[in-house]
Every structure is written in structure tokens, then in C-alpha cells.
1. Condition check: more than 16 Å from the chain's Cα centre (by Cα), not aromatic (Phe, Trp, Tyr) and not in a strand (DSSP E or B). Does Gly130 satisfy that?
2. Listed residues Leu110, Leu139, Leu114, Leu134; which is out of contact with any strand residue (DSSP E or B) (no Cβ under 9 Å at 6 or more places or on another chain) and modelled with pLDDT of 95 or more?
3. Please go through (1) more than 19 Å from Ala5 (Cβ to Cβ); (2) in contact with a Cys (Cβ under 6 Å, 6 or more places away or on another chain) for Gly137 and return the number of the only condition it doesn't satisfy.
4. Taking the stated definitions as given, is Gly117 assigned to a loop (DSSP other than H, G, I, E, B) and either open to solvent by 60 Å² or more (accessible area, probe 1.4 Å) or of a type in the set (Gly, Ala, Ser) (or both)?
5. Within segment 120-135, restricting attention to residues that are free of Cβ contacts under 8 Å to residues at least 24 places away in the same chain and not aliphatic (A, V, I, L, M), which residue is surrounded by the most Cβ atoms within 10 Å (Cβ to Cβ)?
6. Please go through segment 54-102 and give me each residue that is part of a strand (DSSP E or B), open to solvent by 30 Å² or more (accessible area, probe 1.4 Å) and more than 18 Å from Ser7 (Cβ to Cβ), ordered by number.
7. Just need a number here: residues in segment 61-87 that are small (Gly, Ala, Ser) and without any contact (Cβ under 8 Å) to a residue 40 or more places away in the chain.
8. Please find, within segment 12-53, the residue that is nearest to Asn143 (Cα to Cα) out of those that are touching a Ser or Thr at 6+ places or on another chain (Cβ under 6 Å) and in a strand (DSSP E or B).
Amino acid sequence: AVGQATSLWSRRMTSDGLGWAWGSKAVRLLGEQPTGWHVPMEGPAMVWSGNRYYLFYGGGPWYQAASGIGYATCSSPTGPCVDQTPTTPWLATGATTAVGPQGPAVFRDLNGALRLGFSGWLGTVGYPDGVRALWTGLLRFTNGQPTL
């Protein structure tokens, strides 16, 4: 898909999570042109907060410092969704000590606090000298905006 537009899709699953629900169809949540900060777009994670769903995604090549994490707001798990970060990432190098954040995952810790896990370089970008590490931070929503 290098140089081609990418999309994020949703489809209803069975209650056991092992297959597609009868009659469900894939629905495109987000798509973009083959240029921009978030090419390629991958690794979606969705969470409910307040009165909407938030869809976090990784954008840009994971092996570069310019990659980041963007988000969209959605009215349901099958959309429609509106990208809130079409021109710049929500979480980027410089916003944390992680360089080139990617791969968002939303979860609750043992105390019930909402967290965002993601990968990022620790210092030097790229192998063999760089270290790709797991990072986490408290995820909050203030006035409809996610903060880390």
C-alpha cells in the first residue's frame, strides 16, 4: 500500500468475538488521500467517553520520528467518524519523551484508570541502535478533547 490511500474499517462481530455477525457489512470509518502526516493509517483503538466514541490511530511510518497518533470522533462504532487531526498528529514526537509514537491501545489499569498504551523510540530512531519501547499514560477527556 506504499503511496496509496489507506482506510480504517469497522464490522460487527459475533458475541464471542470469533466471527462476523450475520448480515453485518464492513463500513469505512476513516480514509485519506495518499499524502499527509498519517500515511499509512493503521492500528485503530476505540473508546467511549461522554457522549461519543473516540477512534485513535497510528499514522505515518512507525520507523520515523515523524509518525504520530491521531484521533477521530464517532457517533457509533460503525461511524460516521470525523477526523479531528487531519493536518497534524494529536500525539507526536516532542509531546512525550517517546519518539515517533504509534500503535495506540486503550485500556483500564488495575485501579480502573483509563490509559493509552503506545510504542515509540527511546532516543535513537531505528535499528540496530534504537530501542522501540512500550509507553503508557493516563487518558482523560476534558471538554470533549483527549489529553494524555
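1. yes
2. Leu110
3. Answer for Gly137: the failing condition is (2).
4. So Gly117 fails the test.
5. Arg132
6. Thr93, Thr96
7. Qualifying residue count for the region: 6.
8. Filtering first and then ranking leaves Arg52.
The values are calculated or read from the model by the stated rules, or taken from the named source; none is laboratory data. Quick caveat: nothing in here was measured; it's all calculated off a predicted structure. Here the Cβ is made from the backbone with ideal geometry for all residues, glycine too, and neighbour counts use every protein chain on show. Remember, those area values only see protein heavy atoms, side chains included, never the ligands or the DNA or RNA. Shrake-Rupley method; radii C 1.70, N 1.55, O 1.52, S 1.80 Å.
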